[in-house]
Structures are given as C-alpha cells and as structure tokens.
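Written below as structure tokens is the structure these notes are about.
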Amino acid sequence: MRNILILLLLVCSLFAEGFTTRYDVNVGMFGRVGYADLTLKEDGDNYEAKLSAIMVGIAAVLTGNWVETFTSSGKIIDGRYVPNKFVKTQTRTTRSRIQTYYFNHDKKEIKLIQDKTKVVSHAKFSPVDFKIYYEDVNETSHKELILDNYLQDDSLSAYFNAKLNCNAKKKVYNLLAVAARNDKNNVTLSYLVGQEKESALLNFSNDIKDIYNIHVEPFDKDDEIVDVLVAFDKDGDMKEALLGEVFWIGKITANRVENNITKE
C-alpha cells in the first residue's frame, strides 16, 4: 500500500509557475488512508519542489506511522527541471533514513550521502536489585558513495518533465530517475488517445482533458504488474488517479482536494 500511495501521488504535471496541492488517497473498504502535499516554488531560473506523503488511521498503524518526503531543487533550463540536489527522507516510529543526492551534470556523476537511524532496545542487568532493565538506544550509520550509473532526473523532476516527453506527439515515455522505483527502467508512461481514452474517461469525473497510463513492472517477477490511470484537468494539472480493484480491498484512488495555483 505504501508504494501505491507514492505512485499515485508522484505523478503530477507542473504547467503553473507555482502551486500548493493536496491529494487524498482512498482505499475501497478502508476509506481515506493517506494524503500528500505537493508544492512548487520558482524564483527566476531556480526551482524547489517538495512532496510529503503521509499515512493516516489504520494505514499509519500498519506501517509504523510511515512518512516519506521528497525535495528536489535545481535549475529550469529550456523549460526542463534540472536537479542539483535531491533529498529523500523516510521515517517510521523506530527508524529513519535520509538519502541526499548531489548531481554533477558536467561530469555525469551523482554522489549519494545516506544516514540511517534505528531505535534498538538494549537489556541491562542491575546488580543492585537483580533486575533486567531495557533502554532504547539510537544506532546510526553513515555512508557516502558515487553511484554506478548517471541519470539526469530525480523521482520528482522526472515526473515534472514528463509533459515534455509524453504528449500527443510522443505517446510513450520510459521514466528514468534517481531514488525511484524506476531506477531500472521499469516504469512506462503512455498518453491515451482514441478508444483507450474514451474507456478510461468512464472512471473519472467531469472536466478531464488528458489521461495517462502508468505501467509499473515489479522488481520481483512473482509480483503483479501495476497500471495506474492518471487524469488531468483542462489547466494541465493532475485531478484524479485510479488503481483498479486490488484483491479484496477494492479500488484505490487519489483525488485532489486543494489546489492553489500562482501564475505569472
């Protein structure tokens, strides 16, 4: 469910100069299980975008109060978002991981700095009262390395740039991004037209202009392939997303509940 939440909430087109948007995620029999806040700020040729995805209710309990945050910052060059720095943070009740990626596009090189923290319970024996006491201790780790492969996008900028790569002229686009499920080229974005689009429209509300299909192949061949329909309004912003029936839990949907746009 956690990966589905991110998948539904990451795919958002940035046709405006700046915005703040919230999406609610609902699962058939459980109702609202999470939400995501997505913001974009532009200052001349510079940009900063942030996505925070948060579980609520029973989903929060099952995932250990899971929260995931993505922050991408860099330059806007010829309409394309080019990241200089990308930070991916994952936190749960007892652990956290912060991955910071630094892009050197001239050298085609990416440096990763990773910090992990885990709460571990240590037992201590007291000779005074002959009892065992338990104490929570934070165990940390730090790692720095240069990635084996260079990619020009992170998991936010890749979706921001999708509109330049997948449209009525070029209908299929393979998403490649650092720190994303699609590191190994297993996510494909398709622009729907004709009968495929007409059939997909039946799943959404009114005022839908464009519909994309996200095809995700799993890392494990035994897992199911995932296809998500994403609908955009007439302003070019993501309005709704749909993952069909999933086992016994029902449909999984993402719906825009707030949308504040600033245009120049």
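Read-outs throughout are calculated quantities, based only on the coordinates presented, and are distinct from any laboratory measurement. Quantities reported herein were computed from a predicted structural model and do not represent experimental measurements. Glycine also receives a Cβ, built like all others from the backbone with ideal geometry; neighbour counts cover every protein chain displayed.
Computed from the C-beta positions of ASN26 and SER199 and an R0 of 30 Å, the FRET efficiency is 0.85 to the nearest 0.05. Taking label points 7 Å from Cα along the Cα-to-Cβ direction, ASP78 and THR39 give a separation of 3.2 nm. Pairs from the table (LYS41/LYS197; LYS171/LYS234; LYS170/LYS209; LYS163/LYS197) lying more than 24 angstrom apart at Cα are LYS41/LYS197. Peptides 105-112, 31-38, 45-52, 157-164 ranked from most to least packed, by the mean per-residue count of other Cβ atoms within 10 Å: 157-164, 31-38, 45-52, 105-112.
Here the calculated FRET efficiency for LYS209 and ASN149, from their Cβ-Cβ distance with R0 = 41 Å, stands at 0.70, rounded to the nearest 0.05. For GLU217 and LYS124, what does the FRET efficiency come to when R0 = 45 Å and r is the distance between their Cβ atoms, rounded to the nearest 0.05? With R0 = 45 Å, the Cβ-Cβ based efficiency is 0.40.
Fewest-first ordering of GLU258, GLU240 by other beta carbons within 10 Å of each residue's beta carbon gives GLU258, GLU240. Within the stretch 109-153, name every residue whose backbone N is under 17 Å away from a label modeled 7 Å from Cα of THR93 along the Cβ vector. Only 118-122, 135-138 fall inside the zone, counting backbone N under 17 Å.
Of all lysines in the structure, those lying under 19 Å Cα to Cα from LYS107, and not within fewer than 8 positions of it along the same chain, are LYS75, LYS85.
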